[in-house]
Structure formats: C-alpha cells, structure tokens
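Colleague: Sharing a structure with you now.
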Amino acid sequence: SVDLIFTLQENILVSDVVIEGNTVIPSSELTPFVSSLKGLPQNLNEINKSIEQINDYYHQKGYILETISSVDDNSNGILTIVINEGIINKITFSGNEKTKQYVIERNTITREGEVYNEENLKKDLVKIYATQIFDKVDREIKPSEENKGTYDVNVIVKEKVSNNVAVGGGIDSGIGVFGSVAIHENNFRGAGQKLSLSG
C-alpha cells in the first residue's frame, strides 16, 4: 500500500488593512468594509467583497470615477488597498460659438484638480441650462492622455437662437397708418445679458 500525505500551507494571516489614496472620504468610514479581513488567512473572495463595498460607498456619494488601483500585501500580513478617487485633470467647454466661456464658468462650482462628483456636476449643468441661452447642456468624461489616472471633463452646450424681431402695423381711424417693431436679444454680445428694444 502507499500512503499519500498532503502538506497544506494557508495563505498568510491578514494582520492589518491599510487604505491609501482616499481624500474625500475619511478612513474611519471605510474601515468597517475591511475589518472582517483581519486575523484570517487572505481570501480573494472576501477581499473582492470588501472592494465592492468600498466602490459602492464612493459611488453612492457621487464619486462615480473612483476605482481601486491596487491591492498589495507584505510578509508581515499587512494588506494595502490603494484608491484612485477620480481626479479632474481639466475642464473644457464646447458648442458655445457665441457665448463667452466665462458665462458658463461662472455657473460651475466643479474645478480642475478636484475629485469628480457626479451630483455636483449635475447641479452645474442645471445652473447653466437655467440661463435660458442654451437648448441643451451635457457632459463628456474620458481618461486624460496627459496625466494617467485622471480624467478630462468636457461640458457640451447647444445655443438657442438668441434674438427675435417682431414687426407689426395697421390703420387707426384717429392716427392713420402706423407701424411697430420690437427686438429681443437673449444673449447680448455673448455675455448672457438680455436686451429689449421696441418702437
């Protein structure tokens, strides 16, 4: 007869979990998602569950570009989770052929260098649309080619026809023939100002 002996070696015990890269959400709010990993052998399924919980938490708060960039361990059993929160590299504007760029910028609170937040940008888009000089306001997000790991945001607008002219006339028994003209400009000189003239 032959005896088969299997020698097993468990994964290294997780002594601690360190979270790095988080700036908009404190570690105290993220620690509960990884606390169950400590004191047990590394388990890929459980680590993935913790990562999903961290991602969901970020996304619920509007940080939809957040990702886990790496998960590393060392011989001491310390597990390091590195977060990429989704930094905005640059913000550009397109579609504003007549409207000055500062008219759009003054209605936005989202800034370059910040962590992208979908809820904040939606508020910006609503404020831009509320100027009533655009038919459509949207946004496009893509990874930056200049700075790896960051994103470029493009605010896309479609301008309304900003001016209209109304001409009228008639015959009055008292004053005779008369005419009238009214001009309304909703985006005077591209500055988002309203101008009305009539005579």
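The values are calculated or read from the model by the stated rules, or taken from the named source; none is laboratory data. Since we're looking at a predicted model, the values are computed, not measured. Backbone-built Cβ (ideal geometry, glycine too); neighbour counts: all protein chains shown. With ligands, DNA and RNA removed, areas are computed over all heavy atoms of the protein, side chains included. Shrake-Rupley method; radii C 1.70, N 1.55, O 1.52, S 1.80 Å.
Colleague: For the chain, what does -39500 (n - 2.57) per DSSP helix run (n ≥ 4), summed and divided by total residues, give at 222 nm, in deg cm²/dmol to the nearest 500?
Modeller: One gets -5500 deg cm²/dmol as the mean residue ellipticity at 222 nm.
Colleague: Under a straight-distance cross-link criterion of Cα-Cα below 24 Å, which lysines are reachable from LYS194, leaving out those fewer than 8 residues away in the same chain?
Modeller: Cα-Cα hits under 24 Å: LYS98, LYS100, LYS123, LYS127, LYS136, LYS158, LYS160.
Colleague: Something else: Among VAL161, VAL137, VAL181, which one shows the biggest mean-square fluctuation in a GNM of the chain, springs joining Cα atoms closer than 10 Å?
Modeller: So, out of VAL161, VAL137, VAL181, the one fluctuating most is VAL181.
Colleague: Here's something else I'd like to know. Between the stretch 14-59 and the stretch 112-171, how many Å separate their Cα centres?
Modeller: Spelled out, the Cα-based centre of one part sits 37 Å from the other.
Colleague: What does the convex hull of the Cα atoms come to per residue for the stretch 57-199, in Å³?
Modeller: Roughly 116 Å³ of hull volume per residue.
Colleague: Mind checking the stretch 123-199 for trypsin sites (Lys or Arg not before Pro) that DSSP puts in a loop (not H, G, I, E or B) and that have at most 16 other Cβ atoms within 10 Å?
Modeller: In loop regions of the stretch 123-199 (DSSP not H, G, I, E or B), the sparsely surrounded trypsin sites (Lys or Arg not before Pro) are LYS148, LYS160, ARG189.
Colleague: Roughly to the nearest percent, how much of the accessible area of the stretch 85-199 is carbon and sulfur, given a 1.4 Å probe?
Modeller: Summing carbon and sulfur atoms, their accessible area is 51 percent of the total for the stretch 85-199.
Colleague: Which loop-located GluC sites (Glu not before Pro) does the stretch 89-132 contain, where loop means any DSSP state but H, G, I, E or B and the Cβ has at most 16 other Cβ atoms within 10 Å?
Modeller: Passing sites in the stretch 89-132 are GLU97, GLU112, GLU114.
Colleague: Hand me the GluC sites (Glu not before Pro) from the stretch 124-164 located in a DSSP loop with no more than 16 other Cβ atoms within 10 Å, in residue order please.
Modeller: Answer in residue order: GLU145, GLU146.
Colleague: What FRET efficiency would be calculated for the residue pair LEU195, HIS59, taking the C-beta separation as r and a Förster radius of 41 Å, to the nearest 0.05?
Modeller: Rounded to the nearest 0.05, the efficiency is 0.40.
Colleague: Could you tell me whether the stretch 75-114 comes out rounded, prolate or oblate from its Cα gyration tensor? Rule is a ≥ b ≥ c as square roots of the eigenvalues, rounded for a/c under 1.5, then prolate if a/b exceeds b/c, otherwise oblate.
Modeller: Judged from the Cα gyration tensor, the stretch 75-114 comes out prolate (a/c at least 1.5, a/b above b/c).
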